[in-house]
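Here's the structure, in structure tokens; my notes come after.
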Amino acid sequence: MRRMPPGQRESATFHRFGLSQFATRFPKNVETPSLTVDGAVQEVLQLEDPLKGLPRVEQVSDFHCVTTWSVRGVRWGGVRFSDFYERVLMPMAKPHAGTGLVALKAQDGARTGMLLEDLLAPNVLLADHLNGSPLCVDHGAPLRLVAPDHYGYKSVKHLCQLTLKTSVEGYRASGLQFMDHQRARVELEERGRGVPGIVLRYLYRPLVRGTARRFADASAKREKELKAGPDSTE
Ligand SMILES: Nc1nc2c(c(=O)[nH]1)N[C@H]1C(S)=C(S)[C@@H](COP(=O)(O)O)O[C@H]1N2
Ligand SMILES: [Mo]
């Protein structure tokens with residue numbers, strides 16, 4: 001088993017998690033993955049079934065949230081981002097030369113960006129399954145990115161849009177600027193921008209319990225409302 005990266009602690013629970021403002025936001029479309037590819041491309045793509053025809057993979061990897069909790073051995077199913085890029089995005093969208101960055105956007109409004117080079121690593125997936133079942137809403141239905149070598153905020157849930165950029169600058173991330181490191185590599189403790197990772201460890205750690213609770217409560221409330229049905233006056 002791999003050792004824990006610097007500053008991380010093992011959590012028994014795989015929390016539904018994120019910035020507080022996303023706790024009560026849920027995707028509209030949870031059934032069928034669809035993905036828009038735009039930006040520095042010759043053709044904008046609106047893909048209704050983006051994983052179609054691509055080789056499926058299963059991957060077990062550890063998941064590291066920037067706030068210091070980690071879960072071991074998460075089993076994802078989906079396709080490699082690199083296969084999607086080479087077999088779908090490149091031939092169909094024809095990215096401009098010098099594309100270096102991809103802005104990632106989610107149905108709940110969450111945003112970040114990753115260097116194309118980092119996205120093409122063999123362990124980066126477009127995942128639609130978790131632990132053998134279709135991805136649930138809590139963990140990113142209908143489609144999410146999984147980038148195990150980067151902090152969890154790069155693993156965008158409810159992924160709906162990829163915007164290619166020819167500059168490595170210039171994407172807008174959720175939250176405050178210091179909270180989004182362009183690469184956010186776990187091994188290098190790149191937790192945030194302009195602030196040492198070791199400082200953010202201690203800043204973030206006290207927030208975990210409350211945030212996890214807020215996300216879990218919002219999810220339980222949504223479940224209850226869905227059960228009650230659209231006519232409920234609750
Ligand atoms: N769309 C979306 N993606 C997101 C988030 C979010 O709030 N919304 N939170 C990020 C953060 S901070 C973490 S740690 C992981 C948590 O993934 P999980 O909820 O499946 O545990 O999702 C990341 N991706
Ligand atoms: Mo996170």
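Here are some notes:
- Members of the range 136-157 found to be aliphatic (A, V, I, L, M), more than 16 Å from ligand 2 (Cβ to nearest atom) and touching a Leu at 6+ places or on another chain (Cβ under 7 Å), listed by number: Ala141, Leu143
- Residue match in the range 210-226 (condition: within 25 Å of Pro95 (Cα to Cα) and of a type in the set (Phe, Trp, Tyr)): no
- Scanning the range 161-175 for residues that are out of contact with any Lys or Arg (no Cβ under 8 Å at 6 or more places or on another chain) and either modelled with pLDDT under 95 or in a loop (DSSP other than H, G, I, E, B) (or both) returns Thr166, Ser167, Val168, Glu169, Gly170, Gly175.
- Just so you know, in the range 1-29 the residues that are under 27 Å from Tyr85 (Cβ atoms) and over 15 Å from the mean Cα position of the chain (by Cα) include one that is farthest from ligand 1 (Cβ to nearest atom), and it is Arg2.
- Note on the range 1-103: enclosed strands (runs of 3 or more DSSP E) holding 1 or more residues that are in contact (Cβ under 8 Å) with a residue 60 or more places away in the chain and more than 16 Å from ligand 2 (Cβ to nearest atom) are 35-39, 57-64, 69-80.
The values are calculated or read from the model by the stated rules, or taken from the named source; none is laboratory data. These numbers were taken from a predicted model, which means no experiment stands behind them. Using ideal geometry, Cβ is built from the backbone for each residue, glycine included, and neighbour counts are taken over all protein chains shown.
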